[in-house]
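What follows draws every value from the coordinates through simple rules; no lab data is involved. Just so you know, these numbers come straight off a predicted model, no measurement behind them. With ideal geometry, Cβ positions are generated from the backbone for all residues, glycine too; neighbour counts draw on all protein chains shown.
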Amino acid sequence: MLRHSAFLFLSLFSLTSAALAAAPAALTGEWLIGTAYPANIYDKDAEGAQSSSTRLLLRPDGTYALTDLQLSYIPGYFGSYLVTCETLNVFTESGKYQVTGNKLSFQPGAAQKRIGVSPGRLNAGCKRFEGTRETVKQAPYQGTFTLAGGTLTLNARSVRQAYSRRPAETAKPAAPVLPSPSISSVRPAAAPVSPAALITPAPWTATGTWAARFDTPNGPVEMRFSVYDDGEGGLSGSGTGDDDLRGWLLGSSAGQFKIGLSSGDDELNLELSGRFSGDRYEGTFQASAPDGEALLGGRLTMLRDTSTSPSSTSSGPVTPPRR
């Protein structure tokens, strides 16, 4: 087992560390407003763009890229006729981001404006322009966010924006398989076959002893938890670690639960989101102090000890300590 003192374990979650908090898996990816262009449109100076669009790319390694395309119109002439010409203003920004509870902190490293870029298609009489480039110095900024039903709502720099996750590509349906011509007239009739007996598998349960590994930005820690599944979606349990580390667990077998950790007079709480798959659990957590102060997050992996029967590893629900 990895050896850590109780004090060191609790300090792994301190925001005084220079390490960045792990981004929740549900937050990372491509988030879009407006037209959903292929990724290369945003990565290559918006070449081929024809309308307004915004993309926020949040990578799992804590870096981000923001591309904002805004379409506007300027006058032009086709002979003696006044025509409308489209033009794009392109803003790009990239750097590092950090997640703390429901807050997103951005540390821009590079930003650039490109004003007056001609889109891919132009009306007759409109002239094509490459636009003018301007390097912009961006100060760090912070916003709050919510995630609900595939929508990321971000309030930052006095602007509220609702992003949608890029839709997954839909697989093409397989070509239908046509039945072969019947040749029953030249085959002897098959003997009737009795249907196989229906075997109902035992329902899955999370009851048992689980080896837990917390991966924080500052290092890993291992504990063991005895978990009780009430059979109706509820989980409870208790855990131990090195020295005088103690913990309790309470939540849902769907994968969302809370873990409380204590060592002497020190306490912290973890909010977990993940899923069970057989004898394995994987999820992300966000730590907080008893007063609600947000601490660092990370990942939790748990493996069930299959050498013991579930009925012998937990005696019943465990109630978290009263505060």
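Below, the figures for the structure above:
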{"read-out": "Residue-count net charge about Ser164 - beta-carbon cut-off 13 Å; Lys, Arg +1, Asp, Glu -1", "value": "+2"}
{"read-out": "Protection proxy ranking, peptides 289-298, 89-98, average beta carbon neighbours within 10 Å, highest first", "value": "89-98, 289-298"}
{"read-out": "For the stretch 208-312, size of Cβ-based charge dipole, Lys and Arg +1, Asp and Glu -1, in debye", "value": "460 debye"}
{"read-out": "Length gained when the stretch Lys103-Leu27 is fully extended (0.36 nm per residue, less Cα-Cα span)", "value": "26.2 nm"}
{"read-out": "Peptides ranked, highest mean first, by Cβ atoms within 10 Å: ranges 32-44, 258-270", "value": "258-270, 32-44"}
{"read-out": "Length gained when the stretch Val136-Thr306 is fully extended (0.36 nm per residue, less Cα-Cα span)", "value": "55.5 nm"}
{"read-out": "Cα lying deepest toward the dipole's positive end in the stretch 208-312, options Tyr281, Gly297, Ser238, charges on Cβ", "value": "Tyr281"}
{"read-out": "Between the stretch 96-121 and the stretch 285-306, the Cα center-to-center distance that results, in Å", "value": "30 Å"}
{"read-out": "Hits among aspartates and glutamates - C-alpha to C-alpha of Lys44 under 19 Å, sequence gap 8 or more where chains match", "value": "Glu30, Asp68, Glu93, Glu130, Glu134"}
{"read-out": "When the convex hull of its Cα atoms is projected in every direction, mean area for the stretch 37-165 (nm²)", "value": "9.0 nm²"}
{"read-out": "Percent of Cα-Cα distances greater than 16 Å, calculated over the stretch 208-312", "value": "57 percent"}
